[in-house]
1. With labels modelled as points extended 7 Å from the Cα through the Cβ direction, what inter-label distance (nm, one decimal) is found for residue 163 paired with residue 185?
2. Just need the Rg to Rh number for the chain, please, alpha carbons only, Kirkwood Rh.
3. For the chain, what is the calculated [θ] at 222 nm in deg cm²/dmol (nearest 500), taking -39500 (n - 2.57) for each run of four or more DSSP H residues and dividing by its residue count?
4. Arrange the peptides 203-212, 138-147 so that the one whose residues have, on average, the most other Cβ atoms within 10 Å appears first.
5. Between the helical axis of 85-98 and the dominant principal axis of the chain, each derived from Cα atoms, what acute angle in degrees is found, rounded to the nearest 10?
6. I need to check one value: relative contact order of segment 84-220, counting alpha carbon pairs closer than 8 Å and at least 6 residues apart, in percent.
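Derivation of every value follows stated rules applied to the coordinates shown; laboratory data play no part. This is a predicted model, so every value here is computed, not measured. For neighbour counting, all protein chains shown are included, and Cβ atoms are generated from backbone atoms with ideal geometry for every residue, glycine included.
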Ligand SMILES: [Zn+2]
């Protein structure tokens with residue numbers, strides 16, 4: 001807020017200093033940008049946000065953001081979800097893909113398998129996967145080499161999940177047998193590209209061609 005003007009115009013009758021809006025107490029005038037006035041506030045949680053006066057008076061902003069976070073957390077707790085199986089599934093997914101200290105990381109995050117950004121919060125994950133969850137089901141990726149994202153996930157029984165694991169695509173190439181994604185990584189290609197080439201019926205030898213064809217240079 002470098003272009004703020006730090007003087008409350010004397011014509012301004014609306015000094016909000018000392019007033020309380022939800023969890024926020026106005027400490028003093030912070031500055032002005034155009035017609036908008038901003039106020040230094042102190043939140044009950046200890047944070048010191050600068051808030052647009054119009055949002056204070058309109059009750060749009062009532063905390064530094066801690067209130068919204070608590071409401072979201074409470075909503076999840078209300079469903080009895082924290083510490084529940086679905087929450088554990090979500091946590092496990094994040095650990096496998098994002099926590100390099102997780103003992104299974106090398107099979108997931110370590111192989112480039114990622115989590116949809118929306119699923120980084122439990123609320124986001126629950127919005128997509130909550131309705132189809134039932135006790136006893138586990139989170140499964142439909143394409144075993146694909147990412148954790150809405151189009152590639154479903155809830156499955158353990159048996160279904162084991163069957164899916166067997167669906168891993170193995171490719172024999174140059175006398176070696178590796179998974180499709182391991183080959184893709186080796187050649188610096190995306191798994192999706194190799195997969196679509198394979199589905200198009202390309203010969204194994206041509207699955208791993210570089211993306212850009214080498215430029216034909218004319219020898220002078
Ligand atoms: Zn706060």
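1. 2.8
2. Numbers: Rg = 26.9 Å, Rh = 22.4 Å.
With Rg and the Kirkwood Rh in hand, the quotient comes to 1.20.
3. Values: 7 runs with 65 residues, N = 220.
Per the formula, -8500 deg cm²/dmol.
4. On the way: 203-212: 11.7, 138-147: 17.5.
Packing order, densest peptide first, comes out as 138-147, 203-212.
5. The angle comes out near 70 degrees.
6. Working: 136 pairs, mean separation 19.2, N = 137.
Reported relative contact order: 14 percent.
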